[in-house]
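Quick note: the coordinates plus some simple rules give every number you see, no bench work behind them. Computed from a predicted model, the values in this text were never measured in an experiment. Positions of Cβ are backbone-derived with ideal geometry, glycine not excepted, and every protein chain shown enters the neighbour counts.
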Amino acid sequence: MAHALIVDDDTDILDWLQEVARMEGFTVARAQCLREARIELGRQRPDVLLTDLRLPDGLGIELVSELENPESTEVIVVTGHATVDTAVAALRAGASDYLVKPAEVERVQAVLRRAKKTSALQQQIGTLREELRKLGRFGRILGSSARMQVLYDQLSRVAPTSATVLLIGESGTGKELAAHTVHDLSRRREAAFLPLNCGAVAPQLIETELFGHERGSFTGADRQHKGFFERANGGSVFLDEVTEMPMEIQVKLLRVLETGRFTRVGGTAQIATDVRIIAATNRDPQKAVAEGKLREDLYHRLNVFPIHLPPLRERGVDMEQLALFFLEEHNAAEGTRKSFSRDALARLYQHHWPGNVRELRNYVQRAYIMADDIVEGEIAVAAEAAPPEDTTLISIHVGTPLAEVERRVTLATLAYCGQVKRKAAQILGVSLKTLYNRLEAYNGRESLAGEEEALEALPSEGTRDVTHGTDPATPPR
């Protein structure tokens, strides 16, 4: 029978949590301070530890470091002093979740139900991993390199828990496969796994995709729509490119993570949900926080268990294993028996693979199409050049002073025109004299003296001789 240790200095809360835990089939030990809790930990390892944050003799989160096997115990902090700082401290110390007093019975029940089968599931995953290690794969992921073994170890440890996972890696490294593997090896595997690419959905649609909407809540809403948090109840939601999520939606996502409740767009009813979040980004998340792309409090809420996915160029022999696997997929689909020559396999290691596994898959498909029976070495991996930088675009942050916006646009347009000032003035829709005045203000008087006489003959700003709206895509002469 699963065992729970409940630690709180409030007797009424202890009694209530104990009753809920027993109703869920747990044996229960209780303590009102750290000293009593340590005694109970010595008697029996708990499958779930529910602890108050502030206790008479210290912080409840200190108990995490005293667990004999932390990975096999769900640690839930229950606090009446919920702030961003306390939440971050709890999650960093090893808690997989925290509840705010007064905790709702549905939330406590959900936590206990998830924790109930942790030990058995971890044992199953350990056995599965040993079997799949011999085949060079784990869950939906293929590869046997040392870097992938580290990844498999992390996935096998976090999958049975309820911890939020943040997958970090370059585009094409298999973040969605890793997310699906976490779901498949969790207690939620029988429920839905719903992926959402936050960068591919229009910002105004992300809210309704996640939370749903009521009929008539906006133009075109002719029926009620259930969002991901409602449809995936009991399962997992994968938020890819989470740093591209609009700030106002990040606030609402944080609220769902903290309370387990949400409201449909246009609705008023609070809807309870039990969903595990697996997020992913190809950015440095800390840099995204610094740049204002990701809320710091949401980052810490998602960053409970960060996992870095290695790029293909660092995976050694996996490159060849993956290429052969993709080729066999095409052979099986088309009823052929094409193969790689030794030279073709050797050439795989000469490419940097900036697109990672996705790029390799595409290469194998092209090579398969071009080859008769043997994929020869002369079908070389093309070193795909990076797309040329679009010099007609510049990035300006919200809140940049207008004077600075004008300066950057002017200088960028001048650079685009190859420093041909008349052409730049024409694109900007100002007179040539105005452009010179701006450049003098930006850079001080440089070597413009020789041109001043010519400028005197030009019309003033009030009598422009150029037209507005000139196509900026017109190439400079």
Point to revise | Net charge, residue 198 excluded, C-beta distance under 10 Å - Lys, Arg +1, Asp, Glu -1 | key: -4
Study note, to complete from the structure: Around residue 328 (Cβ within 13 Å, Cβ-to-Cβ, excluding residue 328; K/R +1, D/E -1) the net charge comes to 0
Practice item. Please work out the Cα center distance from region 271-307 to region 211-249, rounded to the nearest Å. Key: 17
Point to revise | Links that overshoot a 26 Å alpha carbon limit, given the list 287/421; 226/252; 101/293 | key: 287/421; 101/293
Revision key, fill the gap. Karplus-derived 3J(HN,Hα) from phi for region 10-20 (6.51 cos²θ - 1.76 cosθ + 1.60, θ = phi - 60°), whole Hz, x at Gly and Pro, runs 9, 4, 4, 5, 4, 4, 5, 5, 4, 5, 4
Study note, to complete from the structure: Taking placed amide H atoms and a strict 5 Å upper bound, the residues 5 or more places from residue 143 or on another chain that come that close are 137, 138
Practice item. Taking each pair of different alpha-carbon atoms in region 312-375 once, compute 1/r for the pair, average those values, and report the inverse of that mean as the Kirkwood hydrodynamic radius in Å to one decimal. Key: 11.8
Revision key, fill the gap. Cβ density ranking, 10 Å radius, fewest first, applied to 218, 193, 238 yields 218, 193, 238
